[in-house]
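A.B. asks: Have a look at the structure that comes next, please.
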Amino acid sequence: MIIEQILVTGMVVFCYLIIDESTKDAVVIDPAGDFELIFKKIDKHNANIKYIINTHGHYDHASGNNHMLGKTKGVLLIHKNELPHYRNIKSEECGLFSDEQGRRDKKILLLQDNDKILIGNTELWIMHTPGHSAGSISIYSNGNIFTGDTLFTEGVGRTDLQDSSTESLIDSIKNKILKLPDDTKIWPGHHYGRKPVSTVAEQKKYFRLDK
């Protein structure tokens, strides 16, 4: 499995390209904008985009969906609870990062907890990790977890939004993400820390797991 971490837009979003080495099948996670950067990585690996996955439906992560759906044969995957966020993205929010604003709902599949996504010989496991939003997900594969805005390398996602919950966020972190093996790499949704990647062992230092 090949992972490309791509820093995009003025909101320092991490977009990810995950490629199965044997087949070149791939997924793009949270393609917010800066599409030339994203496609440069896609072309570098001659990757075949099967899916576009959103960790959640906020505009700073999902505003580039339509561009990617139009330029690839990929299908959008998003948690069922995030459809309202995605469908309510304002045109001016989309316009911050992309000039394509039309919906392509026929290319959407809805996710739920414990779904498995296969790209070539690589399996991605969907973990429902609510808190930042009701349908936030993390994506686990081969000792790597992509946490979106649930967990950063030095902090957590906001919980002052409409369907946010501090209690749910902490539960998702402590009882799902930090239950993974200590050497699991954490790939966050924004570059808000000093380092772009962390580990479960490192993050355990910041959370008391006995409470």
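The values are calculated or read from the model by the stated rules, or taken from the named source; none is laboratory data. Nothing here was measured: the structure is a model prediction, and the numbers come from that model. Positions of Cβ are backbone-derived with ideal geometry, glycine not excepted, and every protein chain shown enters the neighbour counts.
A.B. asks: Mind checking which residues of the stretch 159-176 are in a helix (DSSP H, G or I) and not hydroxyl-bearing (Ser, Thr, Tyr)?
C.D. replies: If the condition is that a residue be in a helix (DSSP H, G or I) and not hydroxyl-bearing (Ser, Thr, Tyr), then Glu167, Leu169, Ile170, Asp171, Ile173, Lys174, Asn175 are the ones that fit.
A.B. asks: Okay, moving on. Out of the stretch 119-128, which residues are within 20 Å of Thr23 (Cβ to Cβ) and in a strand (DSSP E or B)? Before the answer, list the steps.
C.D. replies: Kept after step one, since they are within 20 Å of Thr23 (Cβ to Cβ), are these residues of the stretch 119-128: 119-125.
Within the stretch 119-128, Ile119, Thr122, Glu123, Leu124, Trp125 qualify.
A.B. asks: Sticking with this one: With the condition kept exactly as written, say whether any residue in the stretch 18-35 is out of contact with any strand residue (DSSP E or B) (no Cβ under 9 Å at 6 or more places or on another chain) and either free of Cβ contacts under 8 Å to residues at least 60 places away in the same chain or of a type in the set (Val, Ile, Thr) (or both). Steps first, answer last, please.
C.D. replies: Taking the stretch 18-35 and keeping what is out of contact with any strand residue (DSSP E or B) (no Cβ under 9 Å at 6 or more places or on another chain), we get none.
No, there is no match, as no residue in the stretch 18-35 is out of contact with any strand residue (DSSP E or B) (no Cβ under 9 Å at 6 or more places or on another chain) and either free of Cβ contacts under 8 Å to residues at least 60 places away in the same chain or of a type in the set (Val, Ile, Thr) (or both).
A.B. asks: Being on the phi > 0 side of the Ramachandran plot and out of contact with any strand residue (DSSP E or B) (no Cβ under 8 Å at 6 or more places or on another chain) is the filter here; which residues of the stretch 134-177 pass it?
C.D. replies: Selection gives Gly155 alone.
A.B. asks: Provide a single number: the residues in the stretch 66-88 that are modelled with pLDDT of 90 or more, polar (S, T, N, Q) and within 21 Å of Val8 (Cβ to Cβ).
C.D. replies: Selection size over the stretch 66-88: 1.
Table: residues versus (1) surrounded by 19 or more Cβ atoms within 10 Å (Cβ to Cβ); (2) at pLDDT 95 or above; (3) not in a loop (DSSP other than H, G, I, E, B).
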| position | (1), (2), (3) |
| --- | --- |
| Gly102 | no, no, no |
| Pro130 | yes, yes, no |
| Ile139 | yes, yes, yes |
| Leu178 | yes, yes, yes |
| Arg194 | no, no, no |
| Arg208 | no, no, no |
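A.B. asks: Residues in the stretch 43-53 that are surrounded by fewer than 21 Cβ atoms within 10 Å (Cβ to Cβ) and either in a helix (DSSP H, G or I) or among the hydrophobic types (A, V, I, L, M, F, W, C) (or both): how many?
C.D. replies: Total meeting the criteria: 3.
A.B. asks: Can you tell me which residue in the stretch 54-84 is surrounded by the fewest Cβ atoms within 10 Å (Cβ to Cβ), limited to those that are part of a strand (DSSP E or B) and of a type outside the set (Val, Ile, Thr)?
C.D. replies: The first filter runs over the stretch 54-84 and keeps only residues part of a strand (DSSP E or B), leaving 75-79.
Filter once more, keeping what is of a type outside the set (Val, Ile, Thr): 76-77, 79.
Working: Leu76: 21, Leu77: 23, His79: 27.
If we take residues in the stretch 54-84 being part of a strand (DSSP E or B) and of a type outside the set (Val, Ile, Thr), then Leu76 is surrounded by the fewest Cβ atoms within 10 Å (Cβ to Cβ).
A.B. asks: Of all residues in the stretch 9-20 being at pLDDT 95 or above and over 13 Å from the mean Cα position of the chain (by Cα), which is farthest from Gly57 (Cα to Cα)? Explain how you work it out, then say what you get.
C.D. replies: Filtering the stretch 9-20 for residues at pLDDT 95 or above gives 12-20.
From what's left, over 13 Å from the mean Cα position of the chain (by Cα): 12, 19-20.
Numbers: Val12: 16, Ile19: 23, Asp20: 25 Å.
Among those residues, the one meeting the criterion is Asp20.
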